[in-house]
1. How much length is gained on full extension from Leu104 to Asp153, taking 0.36 nm per residue of separation minus their Cα-Cα distance?
2. In debye to the nearest 20, how big a dipole does the stretch 1-159 give about its Cα centre with +1 on each Lys and Arg Cβ and -1 on each Asp and Glu Cβ?
3. Along the charge dipole of the chain, pointing to its positive end and built from +1/-1 on Cβ of Lys, Arg, Asp and Glu, which listed residue (Gln184, Ala130, Gln100) has its Cα farthest out?
4. Using 7 Å Cα-to-Cβ label points, what is the Leu133/Leu200 separation (nm, one decimal)?
5. Rounded to the nearest 0.05, what FRET efficiency is calculated for Glu32 and Thr90 with R0 set to 45 Å and r the Cβ-Cβ distance?
6. Considering the zone a paramagnetic label at Thr25 would reach in this model (a point 7 Å from Cα along the Cα-to-Cβ line), which residues of the stretch 140-169 have amide N under 17 Å from it?
7. Where does the Debye-calculated log10 I(q)/I(0) of the stretch 69-191 sit at q = 0.15, 0.16, 0.17, 0.20 Å⁻¹, using only Cα point scatterers of equal weight, no solvent?
8. Ranking Thr181, Thr157, Thr192, Thr236 by Cβ neighbours within 10 Å, fewest first, what do you get?
Amino acid sequence: MFTPAPVQTVEVKTKGAEQRPSPPTTYEELVERMPHGGADSPQIRIERYQDASGADQWIVWTGGTIEAGFPESSTEPWDNRSNVTAVAHTDAESLEATMQAMRLAGIPEGASVLHVGYSQGGIVASGIAASGLFDSTLVTFGSPVESFEFDDDLARTHVEHTEDVIPAVSGERRDSLNGGTVVQRSLYDGGTPPPGDDPLPAHNLDRYRETARLIDQSSEERLAPAIDPLAGLTGTGEVHQYRADKVLP
């Protein structure tokens with residue numbers, strides 16, 4: 001069941017997509033640009049900018065789980081099989097797809113990259129950031145990332161809702177964060193979640209956008225290092241979006 005399938009990643013054009021975006025400057029803007037995936041939609045977004053010195057700064061977004069369960073006939077890499085294998089640090093198809101997208105975009109090893117991930121995308125982003133292949137910073141939302149060992153100097157922020165069970169999937173938090181910052185927020189203050197059909201309302205990306213907005217209003221100094229690469233970007237950038245699918249026999 002957990003033997004990885006080959007994946008094929010291609011660049012896609014989405015209707016109405018902005019081709020020359022302005023650089024994001026806040027946590028909320030990072031959430032706003034998160035790809036949602038779905039049928040024939042991109043799961044990966046990459047933007048390229050230059051800083052004041054003319055050096056390239058890359059931002060790579062990876063979205064959350066799209067296919068629930070473990071269907072053998074699905075071609076979606078962002079499924080529960082990738083959730084399990086990514087947390088276990090084995091060959092996750094979603095991670096391979098993201099690496100393919102980064103190569104297609106022309107990101108060289110050692111480049112300055114801000115990795116941004118939501119849910120499963122945060123596991124993928126953490127795995128790539130922890131690999132040491134790039135000069136990385138990292139921001140995750142609602143992601144189980146406790147199984148990763150990060151370099152002490154890797155600036156990162158992990159955003160979690162107290163009522164969101166997904167970040168707990170990777171196990172109990174270690175005493176040392178190895179230089180990272182965890183932002184926690186209780187959505188319901190011990191109360192009952194709002195009625196509705198969403199089985200995981202605290203994991204909803206819109207709720208994380210609300211939390212990101214609150215983060216941007218904070219003067220807490222520990223929130224700055226992870227998004228420091230955004231501060232010196234100039235002009236407009238270029239955006240690329242990528243769709244990956246498993247190649248089934």
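Values quoted throughout were computed directly from the atomic coordinates according to the rules given, and no laboratory measurement underlies them. What you see is a predicted model; the values in this text were computed from it and never measured. Here the Cβ is made from the backbone with ideal geometry for all residues, glycine too, and neighbour counts use every protein chain on show.
1. Gain on extension, Leu104 to Asp153, equals 14.9 nm.
2. With Lys and Arg at +1 and Asp and Glu at -1, about 440 debye.
3. Gln100
4. 2.5 nm
5. 0.90
6. Answer for the stretch 140-169: none.
7. Debye intensities relative to I(0), on a log10 scale: -0.69, -0.77, -0.86, -1.14.
8. Fewest to most other Cβ atoms nearby, the residues stand as Thr192, Thr236, Thr181, Thr157.
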